[in-house]
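Remarks on the structure that follows.
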Amino acid sequence: MWLRASCLLEFDFPVATPFLLMLRPRSGTQQWIAREEYLLSPSVPAVEFTDPFGNLCQRLVGPSGPFSIRTTADIESAEESDAAPGAPFVEVQDLPDSTLPFLLPSRYCESDRFAEMASKIVAGHWAGYDQCQAIVDYIRTTIQYAPGAGQQIISACEVNENSQAVCRDMAHLGIALCRALSIPARMVVGYLATLQPMDLHAWFEAYVGGRWYTFDPTQQSLHGGRVAIAYGRDAADVAVYTQFGDPVELLRMEVRVEQLTSPPA
């Protein structure tokens, strides 16, 4: 399916403010970026670089006064993410080097504290994809998805003590449980065409059967057209904007995703 995804951020800076942005999706196995527009108002110099996880990042200084960032992209996206029940566990010694950082505990995913819990959740399930699915089913049935309920980023241990959570926090718990089983898992931030209410969304991917697969505890299926913007160990790696200096309030954030009836001209 063809999607048009856009994100608008509006600020009012008291002083010039350094920023790192992570708002540009890149083409991959299940998405192709056909057209992009990236507008800074007022226009300021920006430098783009690629971070250690392959994300496209922009570095700039926002001027004092009103400042906005608007991105729009036309993307050909798979109508649903791939699933592979039965895909096997990959032994640690056989994992690609690039997956190894996603085996370790990180700031918001304390996988070293979940070994016993993870083993109980996946008992009786085939090692690999089926274990990841059992983890997703556990999170979905024990924690209520509550969009907009969590302003503060919390860790997997804190999520595990709550009865409701946002997508980011549920992904943290899923990642920690997978890593506790020596399954590489990473956070993904992006767009989901069917998400209600519309916002940026977070889910996780796990490496089984020789590739990355999508898992989302907030959704009943993998339908809907996803566009990944950023990948990382947890939320600390995938913030769409990071501001330095005195705190600045985000005045407005608007996210839109629409399905196009035909490929863009």
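Since every read-out is calculated from the coordinates, none of them should be taken as a lab result. For clarity, every value in this text was computed on a predicted model and none was experimentally measured. All Cβ positions, even for glycine, are placed from backbone atoms using ideal geometry, and neighbour counts span all protein chains on display.
With point charges of +1 on the Cβ of Lys and Arg and -1 on the Cβ of Asp and Glu, referenced to the Cα centre of the stretch 92-237, which listed residue (Met117, Val159, Val136) lies farthest in the positive direction of the dipole? Sorting the options by dipole projection puts first Val136.
Each residue, Val61 and Glu254, gets one label point 7 Å from its Cα in the Cβ direction; the gap between the two is 3.0 nm. For the stretch 48-200, the C-alpha radius of gyration sits at 1.19 times the compact-globule guess of 2.2 N^0.38 Å, with N the residue count. Computed packing ranks the peptides 225-237, 131-143, 242-254 as 225-237, 131-143, 242-254, most packed first, by mean other Cβ atoms within 10 Å.
Which value in deg cm²/dmol, rounded to the nearest 500, describes the helix-derived mean residue ellipticity at 222 nm for the chain, given -39,500 (n - 2.57) per DSSP H run of n ≥ 4 and division by the residue count? Display every interim value, and only then the final one.
On the way: 4 runs with 39 residues, N = 265.
For the chain, the value works out to -4500 deg cm²/dmol.
Taking K and R as +1 and D and E as -1, what net charge do the other residues with C-beta under 9 Å from the C-beta of Leu222 add up to? Result for the local shell: -2.
Can you give the FRET efficiency to the nearest 0.05 for Ala239 and Arg211, using r as the Cβ-Cβ distance and R₀ = 25 Å?
Details: r = 26 Å, r/R0 = 1.05.
So the FRET efficiency works out to roughly 0.45.
Between Ser98 and Arg70, the FRET efficiency from the beta-carbon distance, with R0 = 25 Å, is close to 0.20. Evaluated at q = 0.12, 0.16 Å⁻¹, a Debye calculation over the C-alpha positions of the chain (equal weights, vacuum) places log10 I(q)/I(0) at -0.73, -1.24. Extending 7 Å from Cα along the Cβ direction at Val44 and again at Ser262 yields two label points whose distance is 4.1 nm.
Report the extension gain between Arg113 and Asp82 in nm, rounded to one decimal, defined as 0.36 nm multiplied by the number of residues separating them, less their alpha carbon distance.
Numbers: separation 31, 0.36 × 31 = 11.16 nm, distance 2.98 nm.
Stretched fully, the Arg113-Asp82 segment lengthens by 8.2 nm.
Expected output is a single nm value to one decimal: the length gained when fully extending between Glu91 and Ala34, i.e. 0.36 nm times separation in residues minus the C-alpha distance. What is it? Let's see the in-between values first.
Values: separation 57, 0.36 × 57 = 20.52 nm, distance 3.70 nm.
Residue separation times 0.36 nm, minus the Cα-Cα distance, leaves 16.8 nm.
Its Cα gyration tensor gives the stretch 185-253 an equivalent ellipsoid; the semi-axes, largest first and in whole Å, are 25, 17, 8.
Place the peptides 210-216, 105-111 in order of packing, highest mean first, counting for every residue the other Cβ atoms within 10 Å and averaging per peptide.
Working: 210-216: 19.3, 105-111: 21.9.
Descending mean neighbour count gives 105-111, 210-216.
In angstrom, the C-alpha Rg and Dmax of the stretch 134-258 are 14.4, 46.
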